[in-house]
Amino acid sequence: MATLVVSVSQNAVVQAESAILGCDRCMPGAKAPFWRILDNLRVQQENQVDVIYILPILATCPNCRAPIDEITLVQPKRSSKATPNSALLRDEI
């Protein structure tokens, strides 16, 4: 399986923050890793590709202000489905 390294823009981090209610520190029911939120922001290519995200800054929980990295568990907003937008990502190596 191929691996794709994606450098995430700061704008994408902000958009991903706005797509979540909170993190595992403030919402015990948080079960989705933050990278899944980032997955929703990018234009999907092949399903057979592992993606590794590189964040320029840590995201911040909109509820408790704790730092969020790629593997932090978060609670997505139910009604918010991020629209894929390739302009949100800087580089794909």
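The values are calculated or read from the model by the stated rules, or taken from the named source; none is laboratory data. Quick caveat, the model's predicted, so the values are computed rather than measured. Because the Cβ atoms are built from the backbone with ideal geometry, glycine has one as well, and the counts that use them run over all protein chains shown.
Worth pointing out:
- Matching residues in the stretch 4-19 - criterion: being charged (D, E, K, R) and more than 13 Å from Asn40 (Cα to Cα): none
- Unmet requirement for Gly22, which otherwise passes all of (1) modelled with pLDDT of 90 or more; (2) in contact with a helix residue (DSSP H, G or I) (Cβ under 9 Å, 6 or more places away or on another chain); (3) closer than 21 Å to Arg78 by Cβ: (2)
- Answer residue from the stretch 1-56, given it is of a type in the set (S, T, N, Q) and more than 15 Å from the chain's Cα centre (by Cα) and is surrounded by the most Cβ atoms within 10 Å (Cβ to Cβ) among those: Gln45
- When each of Asn40, Asn47 is tested for being at pLDDT below 90 and not in a loop (DSSP other than H, G, I, E, B), the lone residue that passes is Asn40.
Okay, residues lined up against (1) over 20 Å from Met1 (Cα atoms); (2) without any contact (Cβ under 8 Å) to a residue 40 or more places away in the chain; (3) touching a strand residue (DSSP E or B) at 6+ places or on another chain (Cβ under 9 Å):
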position	(1), (2), (3)
Pro33	yes, no, yes
Asn40	yes, no, yes
Val43	no, no, yes
Val49	no, no, yes
Tyr53	no, no, yes
Pro62	yes, no, yes
Ala66	yes, no, yes
Asp69	yes, yes, yes
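- In the stretch 57-67, the residues that are closer than 12 Å to Val8 by Cβ and surrounded by 12 or more Cβ atoms within 10 Å (Cβ to Cβ): Leu58, Ala59
- Hits in the stretch 61-75 (condition: part of a loop (DSSP other than H, G, I, E, B), within 24 Å of Val51 (Cβ to Cβ) and in contact with a Gly (Cβ under 6 Å, 6 or more places away or on another chain)): Cys61
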